[in-house]
1. Can you tell me which residue within the range 349-363, out of those that are closer than 20 Å to Arg302 by Cα and touching a residue at least 60 places away in the same chain (Cβ under 8 Å), is surrounded by the fewest Cβ atoms within 10 Å (Cβ to Cβ)?
2. At pLDDT 95 or above, surrounded by fewer than 21 Cβ atoms within 10 Å (Cβ to Cβ), among the aliphatic types (A, V, I, L, M) and part of a helix (DSSP H, G or I): which single residue out of Ala410, Ala482, Ala468, Ala446 fits that description?
3. Considering only the range 99-112, state which residues are surrounded by 24 or more Cβ atoms within 10 Å (Cβ to Cβ) and either hydrophobic (A, V, I, L, M, F, W, C) or not assigned by TED's automatic domain parsing to the domain that holds Arg158 (or both).
4. From (1) closer than 26 Å to Val253 by Cα; (2) at pLDDT below 95; (3) not β-branched (Val, Ile, Thr), pick out the condition that doesn't hold for Pro69.
5. Pairs, please: C-beta under 8 Å, at least 6 apart or cross-chain, first residue touching a residue at least 12 places away in the same chain (Cβ under 8 Å) and farther than 19 Å from Ala410 by Cβ and in the range 386-400, second part of a helix (DSSP H, G or I) and not polar (S, T, N, Q)?
6. Pick from the range 368-388 the residues that are assigned to a loop (DSSP other than H, G, I, E, B) and not aromatic (Phe, Trp, Tyr): which of them is surrounded by the fewest Cβ atoms within 10 Å (Cβ to Cβ)?
7. What are the residues in the range 141-196 that are of a type in the set (Phe, Trp, Tyr) and either modelled with pLDDT under 95 or over 23 Å from Gly241 (Cβ atoms) (or both), if any?
8. Determine which member of the set Lys42, Lys35 is closer than 15 Å to Ala286 by Cβ and surrounded by fewer than 19 Cβ atoms within 10 Å (Cβ to Cβ).
Amino acid sequence: MSLTLKSGFSFDYDNLVGEGKVTKADVEALSDKIKAATEAIKVMRKDGIIRGHLSKDGTPEKVYFSQLPYVEEGHLNNPASMAHLQELTDSVRNRVDAVVSLGIGGSYLGDKVIFDVQCGEFWNSMSTEERDGLPQIYFSGQNIDPRRTGDIIRQLARSAKVCLSHKKRKFVVSLMVISKSGGTLDTMSNFMVIYDALKQNPDIEVEVVAVTDPNEEKPTLLKKLAMDNNWPQYSVPDGVGGRFSIFCDVGLVLAAVCGFDIKAFLNGAKDMDQACLGDDVWENPALLNAVLKFIAAEKYGRDMEVMMPYGDYLKSVSEWYIQLLAESLGKSVDREGNEVFYGRTPIVAVGTTDMHAQTQQHQEGKLNKVVQFIRVENWDEDYVIPNVFPEAQKLADISGVKMSQALEVARESNAKALASNNRFNALFSLPKLDAYNLGQLLYMLALSIAYEGELADVDAFNQPGVEAYKRIMGPSLQEVKAKG
């Protein structure tokens, strides 16, 4: 059983629905909640209103992520914002040597997905010509790690010496700092350390791009710094939580500096949104995904979700999804204040790597997991495994097939083995790995979370648990500072 869209994107739920699994009767029994959820999401799409949702300061806040795929006047993404992103591309091309993207949460995880799909592991080792004049890209600010921060500083210093020797000029580094408040400890500590070190290096020219709250009347710390120093600015808008922000400037600034097709990405998200407008649960992929996972958890105890894409450069998709699921649905109370302790524990995996690491637990451990696979049907690059050692029969046996075919055989074998032992699993299938299909997948996952929040009657757009540790961390840091 599967749901396939005109684009070729499909959701195969054959190993999740049927006898001994989630049944169609289970879905029917949920019809009232499903109807209420679809009506609530229609209101969110139209007016940005999610019942009971409040901002961190306790005031009503609209939710705008479902608006982002539509580039229109009056929207957060509009023709002017797209032109502004193109200005960033034009500014860095053949001028900036390296960009350091500094962010945490969605400001890192979403950007890393775009980088992995567009650039891959060896982008920084390519020549400028191979990168079409676009800069090397490094990530920082996602942890307070002094060793790695030092490694980035030293790597940029080495590159600067080479640039001075070969090109007889300074090495140009752009620090792209992403923080709505400008007070994010992880991001801003790295930013200040790297900024200070690079400014002291005579071989390096340092620039800053600020991605922050656009409010000029009440500027945040970073906004004020950007205004005072005349740094180029991009927006972390109100109404878009970090885990949904890959579709706005927060993710698109990284897309702009690495040549990612922003238009195709947003078109993929838009086409997915259009495919999810209907009320029929079996024809709406985001709603269907939410309903089946909700029932699997609530009725069958499958309250852990393993996100397992097959492909190295899709592992970051799994890591992005972990934040989306955990922050959105991990809630102690429902909207009425009743204790519910809702949510699935998310687990990162990647195939085939974790078939040799986690699958033993998936196959024979507790019956508390749904394994969600992602596959790419058609790879842009593929290789036939050659028979270079014919005398070794075991190696000869695996020759003559494409690597993509071997990858799919491994995934399919894993899925069948899990299903044979009452292990729930499902599959998202992408026709190819590109900006358009990535936009479809990520938007469908984000919209699924919105639907599931309604089914569970929890606010999928707040994160009070995150604020709890922040209230402790600030005073504790001041105590450390006072002690010297």
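1. Gln363
2. Details: Ala482 fails: at pLDDT 95 or above; Ala468 fails: at pLDDT 95 or above; Ala446 fails: surrounded by fewer than 21 Cβ atoms within 10 Å (Cβ to Cβ).
Among Ala410, Ala482, Ala468, Ala446, only Ala410 is at pLDDT 95 or above, surrounded by fewer than 21 Cβ atoms within 10 Å (Cβ to Cβ), among the aliphatic types (A, V, I, L, M) and part of a helix (DSSP H, G or I).
3. Within the range 99-112, Val99, Val100, Leu102, Leu109 qualify.
4. (2)
5. Partner pairs satisfying both residue conditions: Asn387/Leu395; Asn387/Ala396.
6. Of everything passing the filter in the range 368-388, Glu381 is surrounded by the fewest Cβ atoms within 10 Å (Cβ to Cβ).
7. Keep residues of the range 141-196 that are of a type in the set (Phe, Trp, Tyr), which gives 171, 191, 195.
If the condition is that a residue be of a type in the set (Phe, Trp, Tyr) and either modelled with pLDDT under 95 or over 23 Å from Gly241 (Cβ atoms) (or both), then Phe171, Tyr195 are the ones that fit.
8. Details: Lys35 fails: closer than 15 Å to Ala286 by Cβ.
When all the criteria are applied, what remains is Lys42.
The values are calculated or read from the model by the stated rules, or taken from the named source; none is laboratory data. The shown structure was predicted, so the numbers you read here are calculated from the model rather than taken from an experiment. No Cβ is skipped: glycine too gets one built from the backbone with ideal geometry, and neighbour counts run over all protein chains shown.
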